[in-house]
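To start, the structure itself, in structure tokens.
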Amino acid sequence: MIEFILNGKTVSTDDDPSTPLLWVVRDTFKLKGSKFGCGAGLCGACTMHIDDEAMRTCILPISAVAGRQVTTIEGLGTLDDMHPLQTAWVDASVPQCGYCQSGQIMAAASLLKHNPNPTEADVDAAMSGNICRCGCYVRIKGTILSVAQQNLAYNAAQEQKA
Amino acid sequence: MSAINMSRRQFLKTTGILGGGLVIGFSMTGCSSSELPITLVQQGFVPNAFLQITPDNGIRFYCPRDEMGQGVTTGLSTLIGEELDVHPKDMEILFAGVHSDYNNPDFGVQGTGGSSSLKAHYLQLRQVGANTRGLLVAAAAQDLGVAASAISTRDGHIVVAGKQYPYGQFVQTAASLEAPTEAPLKSNAEFRYIGQAFARVDAAAKSTGTAEFGIDIDIPNMHHAVVRRSPVAGAKLKSVDKSVALNMPGVTDVIEISSGVAVVAEKYWQAKTAAAKLSPVWDEVALSKVNSSDVRADYNQAMQQDEGVVDTDEGDVKAGLAAADHIVEAEYWAPFLAHAPLEPMNAVVRIENGEADVWSGTQGIVAAQGLVSRFSGIPVEKVRAHNTYLGGAFGRRGTLTHVIEATEVAVASNKPIHLLWSREDDIQNGVYRPASLMKIKAGAKNDGSITAWQAKRVGGNITPKTLQNMMPALFPGLNDGTIDFMVGLSRDVFAGWMVDHASVEGLYEDYDTDNKTVNHVTVEHDIPLTFWRSVGHSYTSFAKEGITDELAEKAGMDPVAFRLKNTQGNPRLNNVIRVAQQHMLAMQPAEGRFLGFAAHNSFATDVAEIAEVSVIGKTIRVHKVTCIVDCGIAVNPDIVRAQMEGAVMFGLTAALYGNLELVQGAFKQSNFHDYPILKMSEAPLVEVVIIDSGTAPTGVGEPGLPPIAPAVASAVYQATGQRLRSLPLKIA
Ligand code: FES
Ligand code: FES
């Protein structure tokens, strides 16, 4: 029996400890937003946050997340209450087929959390493990950079107020 | 091998078979009077197959085409919404079930592909929208006691003297009236939604993980299946010791099926782990001995020794070459490629009480229905087929082996089955873009006018395999023998009698000259082939544009000016090239960067691309691509831009990396480490310039792809002096 915290709620499973987190989240806990693209850590479609760190969960056994915080795209934001990246994604019509986008957004959210003011090279470095077969890269990159700018502007305004 | 008298058109008419893009022009079911696959909500009113309007003014649009990322839900809802006066964002958009009313007007079958959707439905869906609006206006006139002429409509509302009434208020009356059949359409100047770059209707679902793909379907008691298949296409299972898998946790069944052996378990990971334990033994087939070098050698031999079949013979090429001041001749190569959509193939099939359900993201849901019927013995009327979002397709989701497999497993195991392919399965057991060896000999005068164009292509054809895949799906009642006969017939026809046009499209059409020949030699090695984004154009553009650059250089002309000179008979392409030239002249590439140019017409759309490239050591880096496109009216310009951006990236993956190698009949590559996809850090900036020529829309999903490889190759030549004539591009 392995216990971990999934989008804020403690859950437990008797799935085999070697089962990759992706399949436990999808098949046991029925959260289907995280995707399977390669099963080998090569595409990023399965990206979730483990204690705020973006990780490839198709190769991450659940034994490794016991007791840890797991956040999926469902935990990042919802249709009614979107994360700023998700709102920006919609405004820029970033997705094409959409299949990679949960992973892209999770990777981007982790990047901005750790580096609120990334350069283009920072974005490239953080996002290059996330494949988009439809080729939405121009928009993904532009949207991450513009959300970072908005955040900075917002924070600056808050500081000035304070 | 001799040319034939029967014209291509006549042949197509007689057989109903159509090479290139998609297939088959006859009605499959004849069921236009059958019940629509629409679930009524409240007292919903269904005026036609595409709409349901509820009393609370809910407006549902049943999208007849499949959403694989190309934005078709936004595009088609814009067409119907324009005339209905309902903004797409105010509609609930559902994927249509199976019914002949949802046929693609261009194909006569319920299929999505060939960059056809907006073009094919442009007038049809607008007319449906206009007729429905006319009906609602008539109902409102009756209910409100005013003249129809006093009524206007706006955003889902009837407007009378400044007062607004929701459409839903009139559906009961509307249901008792006859809808007009030819309500007038808006003029282009009256468009409110067509031509506007509003956000995609599916962006929110796709940004929150709530868009449902086939892989996400989850139904009660669903079991998971994983299949082991032969690494060599067509090789059958000889033997397997099932017990090693049967003893694994969660495993309920191990079943031999047509494509191999399937392991069924309660959870996917259990099925996957158990399937990996199996050591199936496969038959040997002819392909089992074939390596990439054999394929290439066979193609080379055919190129040298076999005249092949004549596709096109216009004017007098010999005389044209004799009249030329400059002649070039070269061979170009393009390899086998996989589509690798990011969502691997999958299907869910449930068979219960003599009825069946199938869920799968397909490029033709009617085919999923047909396959389930055929392989379960349940009549088509009792098979409900549910489409989902497609996690990419690019031509791959027209072949539905996974639906056959899921059906076979569901029947044998007596359980609802979720069957999922791995990435390795996708790369190694798929259907492929054919490899091609192309040779062009062309001549030009000193003034740059082309005098002769002699082209030849060696490779496999996609149409026989496409028929082999589609006929069982579209004719569930037809027996295997008949299908084998027809597939064999098409294979023989295309090998020795006439040319599968998809094999040579794009090799010769764009440039002016009266003297053209195109010959084709079919050489196949039993590798399953199908259409792949932009089909024949994906490789012919590379040869056609490459040789054009070579000829321009030989004639001492600027390559862009040379193309302008030779597109007098092709005014729309000429204009696209002219606009591109202006952009190119204004560019000032930084030190060490070089510009390459290419243009190509495909799917009735004209595209020119300028690639800004640097070469450092052996690394080709594409920094920026400027894409000029004329696709008629851009129904949603932002989606046109997105499709050009996407096609550039897709084409760059092929130009820089895409290569499948055959070892003993099996493809060596298996996942993204050895079949790499362009990454963000390698992605160029893409600037898209849309020329709105105001005519009816033409395709956008594919035409952005063909120019990119030759444009990059052209820039590489500027940078290094190396003419790269093989894909993927490799600096020597
Ligand atoms: S599915 Fe996990 S990295 Fe591709
Ligand atoms: S949107 Fe299709 S893979 Fe990224």
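Read the figures in this text as sums done on the coordinates, not as results from a lab. Please read these numbers as outputs of a predicted model, since none were measured by experiment. A quick note on method: Cβ atoms are made from the backbone with ideal geometry, for glycine too, and the neighbour counts reach across all protein chains shown.
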Segment B:Gln568-B:Glu329, extension gain: residue separation times 0.36 nm, minus the distance between their alpha carbons:
83.7 nm
Could I have the simple spin-label model distance between A:Gln69 and B:Phe198, label points 7 Å from Cα toward Cβ, reported in nm to one decimal?
3.9
Please sort B:110-119, A:74-83, A:56-65 by packing, taking for each peptide the average over its residues of neighbouring beta carbons within 10 angstrom, highest first.
B:110-119, A:56-65, A:74-83
What's the Kirkwood radius of the range B:68-127 in Å, using all Cα pairs?
12.0
Within chain B, which complete DSSP H helices have Cα atoms spanning at least 27 Å along the helix axis and a mean Kyte-Doolittle hydropathy of -0.5 or higher?
B:117-144, B:637-656
For residues of B:209-220, the mean tally of beta carbons on other chains within 10 Å:
5
May I ask for the Rg/Rh ratio of the protein assembly as shown, computed from Cα atoms with Rh as the Kirkwood radius, given to two decimals?
0.96
Distance in nm between label sites at A:Met1 and B:Arg154, each 7 Å beyond Cα in the beta-carbon direction?
6.3
How well do other chains shield peptide B:643-655, expressed as the mean number of their Cβ atoms within 10 Å of each residue Cβ?
3
What's the long-distance tail for chain B, i.e. % of Cα pairs beyond 46 Å?
23
Under Stokes-Einstein, with the Kirkwood radius over Cα pairs standing in for Rh, what whole-number D in µm²/s applies to the range B:29-207 at 37 °C and 0.692 mPa s?
197
Which value in deg cm²/dmol, rounded to the nearest 500, describes the helix-derived mean residue ellipticity at 222 nm for the protein assembly as shown, given -39,500 (n - 2.57) per DSSP H run of n ≥ 4 and division by the residue count?
-10000 deg cm²/dmol
Electrostatic dipole magnitude of the protein assembly as shown [Cβ: Lys, Arg +1; Asp, Glu -1; Cα centre; debye, to 20]
620
Say R0 is 45 Å: what FRET efficiency, to the nearest 0.05, do B:Lys382 and B:Gln664 get from their beta-carbon distance?
0.55
Debye log10 I(q)/I(0) for the range A:2-161, one point scatterer per Cα, at q = 0.10, 0.13 Å⁻¹
-0.36, -0.60
At a threshold of 8 angstrom on Cα-Cα distance, excluding pairs fewer than six apart, so keeping six or more, what relative contact order does chain B reach in percent?
15
Please work out how much length the chain gains when fully extended from B:Thr695 to B:Asn291, using 0.36 nm per residue of separation minus the C-alpha to C-alpha distance, in nm with one decimal.
140.6 nm
Theoretical FRET efficiency, 1/(1+(r/R0)^6), r = Cβ-Cβ of B:Ala175 and B:Glu355, R0 35 Å, to 0.05
0.75
In whole Å, how far is the Cα centre of the range A:84-127 from that of the range A:10-81?
18
From other protein chains only, count the Cβ atoms within 10 Å of every residue's Cβ in B:342-355, then give the mean.
2
DSSP beta bridges in the protein assembly as shown [antiparallel fraction, %, rounded to 5]:
75
What is the distance in Å between the Cα centroid of the range B:434-506 and that of the range B:513-556?
12
Could you tell me which residue out of A:Ser93, B:Val348, B:Gly721 lies farthest along the dipole of the protein assembly as shown toward its positive end? Charges go on the beta carbon: Lys and Arg +1, Asp and Glu -1, centred on the Cα centre.
B:Gly721
Of all trypsin sites (Lys or Arg not before Pro) in the range B:572-645, which ones are in loop regions per DSSP and have a Cβ with at most 11 other Cβ atoms within 10 Å?
B:Lys618
With r defined as the distance between the Cβ atoms of B:Gln42 and A:Leu79 and R0 fixed at 30 Å, what FRET efficiency is calculated, to the nearest 0.05?
0.85
Quick check: the distance between the Cα centres of the range B:256-333 and the range B:599-671, to the nearest angstrom?
22
At 20 °C and 1.002 mPa s, what whole-number value in µm²/s does Stokes-Einstein give for the translational diffusion of the range B:470-552, with Rh from the Kirkwood sum over Cα pairs?
140
Distance in nm between B:Glu591 and B:Glu314 label points, each 7 Å along Cα→Cβ, equals 4.8
Identify, among B:Thr252, B:Gly145, B:Gln169, the residue whose Cα sits farthest towards the positive end of the charge dipole of the range B:117-258, taking +1 on the Cβ of Lys and Arg and -1 on the Cβ of Asp and Glu, with the dipole about the Cα centre.
B:Thr252
